[in-house]
Each structure stands twice: as structure tokens, then as C-alpha cells.
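The values are calculated or read from the model by the stated rules, or taken from the named source; none is laboratory data. All values derive from a computational prediction rather than experimental measurement. Please note: Cβ atoms are built from the backbone with ideal geometry, for glycine as well, and neighbour counts cover all protein chains shown.
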Amino acid sequence: MRLFQSLLTLLCLLLALPVLGVLGAWLALDEAALAVLRHQAQTVLPDYALQSLLLAGGVGLGVMLLGSALAAAVTLFDFPGRRVFEWALLLPLAMPAYVLAYAWTDALQFSGPLQTGLRQAFGWRGALWPDVRSLGGAVVLFVLCLYPYVYLLVRTALAERAVQMMEAARLLGAPLRRRVLAVALPMARPAIAAGTALALMETLADYGVGAYFGLTTFSTGIYKAWLVMNDRVAAAQLASLLLLVVALLLAAERMAQQRLRFASSRSGSRQAAEAQPARLHGPAAVLAFSLCALPVLLGFVLPVLWLGRMLWQEALLSEFGLPLGRFAEWGWASLRLAATAALAATALALALGFALRGRAGPVLQPAARVLSLGYAVPGAVIAVGILLPVGWLQARFPDAGVAALATGTAFGLVYAYLVRFSAVALQSVEAGYARVSPSIDETARMLGSRPPRVFFRLHLPLLQRSALAAALLVFVDVMKELPATLVLRPFGSDTLAVVAYNFARDERLAEAALPSLAIVAVGLIPVVLLSRALRAGSD
């Protein structure tokens, strides 16, 4: 067992190397590195910081208001279509932000069919609305994609006691507006903070939207410094600054989750049955229906329909037809990488969950917690963190072929995926272990069963659903991952996400529709499972 824990500890530390590599770049500061830092501070760094701050501020405010309003609407009120919107509001989770950007750019651009048709029909001239490819457009797109983070957590928090507390406030004579603002929403403040922090981390980690819209954020700056300017010192400095911001957001999210845990309460089923959501009629019901329908339409239904229209036009107008043969290659590369990473991350999570359930060593526990931070680290930071130590080893051992192993094969990509997404699998497995009583282990030990037998004969059958959920979540996340894949992918081996980005970057949006729709279709799988789980929990 000690050898098993030692191997797990070593593996966790190995997966923490990219983050340590980025932070270690500051330990080797010399005069040249300081000169680069001063030059960045005088030129690009203010723009990176300002645009990242404006983007994060707009997205944070938007997801907080929209997610909270939607959660309050479906939890506290009853109106036509409410049962449908309970799960339909999760659909934008399946839509990557960069795919949404491709669809809305093609639909709303100056030369697009909407503006062209309106100008021809009414004789208008010039642009009819601001350009989508702007900072404001990016804020709106991120809000439409990421509000479900706030919606999910706030809905869970409000479902516990908010309806009962609002009923008590009504009996005391409080008007509806006061019951919502002064009773229900304050109970969900920790959930609002946690969901907003998660959305902000996803926003700061994004590369596809920022690069396609021409924004100067930290993620686009890291990519440009490494691959365009070939300056690893500048890339490491920018990556470490972004890592610091993400660490602060993660700390805020952890504090909110702790407060949320202590704020939760258990209420009896009789009390829950007596208090029902307030029934809306007339204009109030129409307003609630419109509020819930708008983000689903703008964030999922209309973009999917538009991508399907683009794909149909490409199939009809193209002389050579759709590149189905090459698409099969791209799809197979994505599926192969996603399946490999999902299996590896799930196996690691099961092993770690089993080791942490027992007497974990003094190093394994903190090493596992360091591994759990990986999901909060942007893909661009992970890519730089991998390439820095690889470059150092290659310079000292030029004949070892370390660089080719990390950047010329799928090994480097799978390693980056494990660094980024092992935390997702570990969280799911730990949630499954929380439902396995410790008395099962004690009984098995009293009967003389060794730890391997306990795991394979007792734990693994009980963790099948949790392991499947972990593998599925990692699979979908890998299918959508873009920045680390762009930097580390082997030459000539593209994934669906990379192909969609390359087509869109070259303004070949119709050709980007096919891989984009494939990514959305895969992303629907966990959304459907999540909606079913929420429905089962509320019934």
C-alpha cells in the first residue's frame, strides 16, 4: 500500500509540473528577463490587463444577473413552460463560446444575409448594428454560454428552503418584490458568488473567442508571445500573471462553496409539499416565459439552426462537396484523444479516491489537492508550463528527443489534458465515494480482505455510475479544448476544435459549421444527463 501511495504521489507531482514550471520562471530572473518584463509593462501589459478586466467584469455582471434571474424564475414561480425551461436552460452549456462566436458572426456581420436583406428591403445604408467581433460582443456571447454555472448553483440553493421562506414572508404581509429581493436571493448569495467565479475562470481561460474577435487578453497574449514572437520568457511572465488572477478567483470560489455548504439545510417533505411556487398570470407569466426563452434561443437554438443552414449551403454550393473523408480523420483524432484522456483521468481518479479514503500519506493529500487545481488553470498556461521544462531538458540533453515526445506525439496532448481535467474526474469519483459507507471497508477488513480485493469487489461496482460520469465529463471537455491543443498538437494531426478555429480564422465559416456541430452534439450528452439528474432530485 505504501508503494501504491508513493506512485500516486509521484504521478500527482508530475501532473503539477506545468504549474510549477510557470511559477519557476520567476526564480530564474536575470537582467534580460527583467528587461522583457519592463518592456511588457510599458507596451502590451496595460492593454492585456485592461481588456481582460473589462471582459471579466462584463461577463461576471451579466452571468450573475441573468443566471440568478432565471434560477429565481423557475424555482420561485410557476408559469406555462416552466417544466421545460428547467432543463432547457442548461442547453447553452453544450455550446462552446468559440462556436457561438462563429455562428453569430456569420449571421450578424455587415455582409451577412440579415443586414443585406434588411438594407435591400428598406433601402437602409451602412451598418445596422455594432460589429459582433468586439469586446461588447464577446461579453454577450460569454454570458449566453456561461450563465448556466450561476443558474445551476442558485437553483439548487433556492430549492432548499426559499419557497418555504417566501410563503412565511407572504403570511407576514410582505409584498412579492420584497419576498424575492429580501428573502429568497440573499439565501443564494454564496451560490451566486461561486457560479460567477466559475464563469470568470472559464472566461479568462478562453482563447478561441479572444483570438477570433481580435481581443488583446492574457490568453491571446500568451499564445502570441510563445508562437508568434518566439519569446518564452514573456510567455511565462504573462502565464504566471494569469495564473495569479485565476488563483484569486479559485480562492473566492472555495470560500463561497464553504459558505454555501454551511447555509444548506434539511427541510421535511411535508413542509416542502405545503409551500408551492407562486403562480403567475397575465403579463407576469408572459414576462417570465420571455425571460427564460430568450437565452435558450440566443445561446443554443438559433446558433444550431444557423450552423445547420451554413452546412446545408456548403453542401449544395461546393463544387467538391463536403470534405467528409478529412472530417472523418479529424473526428477520429478527436475521439481517440478524448477517449484516451477520459480513460486515463478516470483510472487516476479512482486510484486517488481509494487512496484518500484510507490513511493517505503526508504528501499524497496535499499533492492530490494541487492536482485538483488543474481545472482552474487555463490551457494556454498549461501549454507554456509543459514547454518550459521541455525546452530546458532539450537544451541540456539534445539527443534525448524530449521536445519531440512532448510536441510531436499525442503523449504531450494527453499529458496536458490530464493536467487540465483530472480534477473533473476526481470530483465525480469523490462524490461517489461520499455515498459509500465506511462500514463496508471495516467489515471487509474484519473478514480478511486485502485492499485490492476491497476496491475491485466492493468499491468499483458501487462507483460505476460515478466513474462513467467522470469519463463522460472529461471526454466532452477534451473534445472542446482549444488553446493547449493548438500549441502541443503533432504536425498534421488536427482535432475538430482546431479545424473549426482554423476555418473560422480564414473566414471559411461555412466549412467550420460541420466540426462545430459535431462538438455541440458531443457536448449535449452531459447536459442531458445533468438535466435528468436535476429532474430526479426535484421529483
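Odds and ends about this structure:
Results for (1) touching a strand residue (DSSP E or B) at 6+ places or on another chain (Cβ under 8 Å); (2) surrounded by 23 or more Cβ atoms within 10 Å (Cβ to Cβ); (3) among the basic types (Lys, Arg), shown as yes or no for each residue.
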| residue | (1), (2), (3) |
| --- | --- |
| GLN427 | no, no, no |
| THR443 | no, no, no |
| SER449 | no, no, no |
| ARG457 | no, no, yes |
| ALA470 | no, yes, no |
| ALA484 | no, yes, no |
| PHE491 | no, no, no |
| VAL499 | no, yes, no |
| ARG505 | no, no, yes |
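One line per residue, one yes/no per condition, for (1) crowded, with 21+ Cβ neighbours inside 10 Å; (2) closer than 20 Å to ARG309 by Cα; (3) under 19 Å from the mean Cα position of the chain (by Cα):
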site	(1), (2), (3)
SER111	no, yes, no
LEU114	no, yes, no
LEU118	no, yes, no
TRP129	no, no, no
ARG133	no, no, no
GLY137	no, no, no
VAL140	no, no, yes
VAL143	yes, no, yes
VAL150	yes, no, yes
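- Count - residues of segment 226-242 that are closer than 30 Å to THR105 by Cα and crowded, with 24+ Cβ neighbours inside 10 Å: 4
- Any hit, segment 153-168, residues being in contact (Cβ under 8 Å) with a residue 60 or more places away in the chain, closer than 26 Å to GLN313 by Cα, assigned by TED's automatic domain parsing to the domain that holds MET64 and assigned to a helix (DSSP H, G or I): no
- Boolean, ALA328 is surrounded by fewer than 17 Cβ atoms within 10 Å (Cβ to Cβ), at pLDDT 90 or above and of a type in the set (Gly, Ala, Ser): no
- Residue match in segment 80-100 (condition: assigned by TED's automatic domain parsing to the domain that holds TYR48, at positive phi, part of a loop (DSSP other than H, G, I, E, B) and without any contact (Cβ under 8 Å) to a residue 12 or more places away in the chain): no
- Residue pairs meeting the criteria (Cβ under 6 Å; at least 6 apart or on separate chains; first hydrophobic (A, V, I, L, M, F, W, C), in segment 451-469; second outside any helix (DSSP H, G or I)): LEU462/VAL436
- Of the residues screened, PHE79 is one that is farther than 16 Å from LEU158 by Cα and touching a His at 6+ places or on another chain (Cβ under 9 Å).
- The listed residues are LEU61, LEU54, LEU66, LEU37, and the only one of them that is within 12 Å of ILE192 (Cα to Cα) and touching a residue at least 60 places away in the same chain (Cβ under 8 Å) turns out to be LEU66.
- Within segment 1-33, the residues that satisfy the criterion of being under 15 Å from GLY353 (Cα atoms) and at pLDDT 75 or above are PHE4, GLN5, SER6, LEU7, LEU8, THR9, LEU11, CYS12.
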